[in-house]
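A.B. asks: Let me begin by handing over the structure; questions about it come next.
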Amino acid sequence: MRIAIFSVTNHGAELAEKIFINLDGCRNFIKGRDFDRLSEIVDDTFNKFDALIFITATGIAVRMIAKHIESKLTDPAVLVIDELGQHVISLLSGHVGGANDLTLKIAEIINAEPIITTATDINNKIAIKEGENLAKEEEKKKEAEKNKEKKDKDEKEKNDDKNKKEEKKN
């Protein structure tokens with residue numbers, strides 16, 4: 001899992017480092033070192049990671065991701081951790097995106113309270129996994145479209161090169 005961690009304070013950066021050391025696949029984005037405006041780095045990274053972790057107030061995280069949210073089948077997992085590291089909140093894509101499981105892992109790493117509000121989880125019920133299958137199908141479709149676009153582009157370039165060679169001959 002590719003995980004982006006955004007921190008905007010020194011204490012947040014310390015928490016991010018602790019997570020980075022204990023969890024594979026993390027990349028830390030620290031204000032002042034990696035970005036100046038949180039909104040710009042989120043715009044650049046939202047669809048490039050499987051999970052986004054904000055060490056900020058929940059309201060900040062919500063404002064940063066709002067314009068990017070499309071579907072629980074395709075959105076990354078989004079977590080929020082308060083600056084003191086007391087709570088880890090599963091904010092978006094709990095089941096399908098893996099936010100709930102990641103929340104539990106990170107809460108254990110930083111010794112925090114996990115906050116999960118998904119009804120099936122808090123009532124100890126089994127969640128229907130249909131969404132996961134739909135998400136995988138959606139991802140396969142997107143990958144197939146990308147491959148087709150690349151193949152079409154390569155074919156066009158090949159034809160263009162061939163036409164240029166023929167024009168030079170004439």
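A.B. asks: Using the basic label-point model (7 angstrom from Cα toward the beta carbon), what is the Lys48 to Lys156 distance in nanometres?
C.D. replies: That separation, rounded to one decimal, is 2.5 nm.
A.B. asks: Okay, moving on. Would you please put 10-22, 28-40, 48-60, 87-99 in order of how densely packed they are, using the mean number of other Cβ atoms within 10 angstrom per residue and starting with the highest?
C.D. replies: Ranked from most to least packed, the peptides come out as 87-99, 48-60, 10-22, 28-40.
A.B. asks: Additional query: Under a crude label model (7 Å from the Cα following the beta-carbon direction), how far is Asn147 from Lys169 in nanometres?
C.D. replies: Result: 3.4 nm between the two label points.
A.B. asks: Looking only at region 1-110, where both bridge partners belong to it, what percent of the DSSP beta bridges are antiparallel (to the nearest 5)?
C.D. replies: Antiparallel: roughly 20 percent of the beta bridges in region 1-110.
A.B. asks: Thr58 versus Thr74, label points 7 Å from Cα toward the beta carbon: distance in nm?
C.D. replies: 2.7
A.B. asks: Given R₀ = 25 Å, FRET efficiency for Thr118-Thr9 by Cβ-Cβ distance, to 0.05?
C.D. replies: After rounding, the FRET efficiency stands at 0.30.
A.B. asks: Quick one: pull the percent of accessible area on region 33-85 belonging to carbon and sulfur, 1.4 Å probe, ligands and nucleic acids left out.
C.D. replies: Values: 1310 of 2690 Å².
Carbon and sulfur together cover 49 percent of it.
A.B. asks: Let me ask something else. Which parts of region 50-66 would a label at Ile110 reach, counting a residue when its backbone N lies under 18 Å from a point 7 Å out along Cα-to-Cβ?
C.D. replies: 50-65
A.B. asks: Before I look further, what does region 1-104 give for accessible area per residue, probe 1.4 Å, in whole square angstrom?
C.D. replies: With the other protein chains kept in place, region 1-104 gives 49 Å² per residue.
The values are calculated or read from the model by the stated rules, or taken from the named source; none is laboratory data. Just so you know, these numbers come straight off a predicted model, no measurement behind them. In this analysis, Cβ positions are derived from the backbone assuming ideal geometry, glycine residues included, and neighbour counts consider all displayed protein chains. These area figures cover heavy atoms from the full protein model, side chains too; ligands, DNA and RNA do not enter into them. Shrake-Rupley method; radii C 1.70, N 1.55, O 1.52, S 1.80 Å.
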